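Trainee: This is the structure I want to talk about, given as C-alpha cells.
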Amino acid sequence: MKRWDGALIVFAKEMKDILRDRRTIISMVLIPILFYPLLSIGLGSVIAMQIEKTRSEDQKVLVLPRDADPQFVQMLKSVDKIVLADADSIQFALAAYAQSDSAISPVDVERLFGASPDRIADSVKSPVYYRAIADKLVRAVIEIPSDIGARIQTGDSVVVRIFTDEADIKSEAAGDRLRDWAVKIRDSIVTER
C-alpha cells in the first residue's frame, strides 16, 4: 500500500496544479467541447456543398461504339447534365497518351474505337477507359451495343456497361446519372412487355 500512497499524493498535487491554472482548463476542456462539434458541422457543410456543386455540373461521357443505336444515343443526349464527348477527339488524345504510356498501346486504342467494344477483352478496355477517365478527358464511358434496338425487339437480354472511377466524385456522379437512365429504359421496356 505504501507505493500507492505516494502515487496518490503525486496525482493529487498534479490535479491541484492543473485545476489552479485557467489556461490549462480552457485548453483541455472548453476548447475541445466547443471546437470539435463546430469543426464537424463546418466540414460536413463544406463537403455537402461540394457534392451538390459537383452534381449540378455537366459531366462529359464517351459513348462506344461509334455506331451505337442512334435512338438510344438520342435518348442519352436528353439526360440532364450529361454531355456526350466527341469520340474522335478522345481517340486522338488517348493515342497521344499511348505513345508515352506503357499501360495502353496505340493498337488497343485503335481497336477499341474501331470495333464493337463487347468483342474486346476487359483487360484491353479497362486501362484505356481508366486513362480517359483519370486524365479527365471524360467522366464516364458507356458501351451501348450497336444492335440494342433489334435485340430488345426480339426479347434478348442486353448488357449496357458503364465505366467510372469510384475514387472521383465527378466520375461517380456521371455514372449515377447513366445508371439512372439505364434503369428507366429497362423499366419502360419491362412495362411495355
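The values are calculated or read from the model by the stated rules, or taken from the named source; none is laboratory data. Since the model is a prediction, treat every value here as computed from it, not as a measurement. Note that each Cβ is placed from the backbone with ideal geometry, even for glycine, and that neighbours are counted across all protein chains shown. What goes into the accessible areas is simple: the full protein's heavy atoms, side chains included, and nothing from ligands, DNA or RNA. Shrake-Rupley method; radii C 1.70, N 1.55, O 1.52, S 1.80 Å.
Trainee: Residues to consider are I47, I18; find the one that is without any contact (Cβ under 8 Å) to a residue 60 or more places away in the chain, surrounded by 10 or more Cβ atoms within 10 Å (Cβ to Cβ), of a type outside the set (S, T, Y) and touching a Ser or Thr at 6+ places or on another chain (Cβ under 6 Å).
Mentor: The unique qualifying residue is I18.
Trainee: Right, something else. Go through the range 161-193 and report how many residues are open to solvent by 50 Å² or more (accessible area, probe 1.4 Å) and either closer than 25 Å to L112 by Cα or not in a helix (DSSP H, G or I) (or both).
Mentor: 6
Trainee: A follow-up question, please. Counting only residues that are surrounded by fewer than 14 Cβ atoms within 10 Å (Cβ to Cβ), small (G, A, S) and within 26 Å of the chain's Cα centre (by Cα), which one in the range 104-124 is farthest from D69 (Cα to Cα)?
Mentor: Here the residue is S123.
Trainee: Residue check, I104 against (1) closer than 19 Å to R161 by Cα; (2) touching a Phe, Trp or Tyr at 6+ places or on another chain (Cβ under 8 Å); (3) not charged (D, E, K, R), all met but one. Which one?
Mentor: Exception for I104: condition (1).
Trainee: Name the pairs: first residue in the range 84-98 and closer than 11 Å to L137 by Cβ, second residue small (G, A, S), Cβ to Cβ under 8 Å, at least 6 apart or on different chains?
Mentor: I90/A132; A93/A132; L94/A132
Trainee: Considering (1) modelled with pLDDT under 85; (2) within 30 Å of A182 (Cβ to Cβ), say which one L76 fails and leave the rest.
Mentor: Single failed check for L76: (1).
Trainee: Since D108 meets every condition but one in (1) modelled with pLDDT of 90 or more; (2) over 28 Å from E192 (Cα atoms), which condition does it not meet?
Mentor: (1)
Trainee: Is at least one residue of the range 64-72 open to solvent by 100 Å² or more (accessible area, probe 1.4 Å), more than 19 Å from the chain's Cα centre (by Cα) and among the polar types (S, T, N, Q)?
Mentor: Checking the range 64-72: at least one residue is open to solvent by 100 Å² or more (accessible area, probe 1.4 Å), more than 19 Å from the chain's Cα centre (by Cα) and among the polar types (S, T, N, Q).
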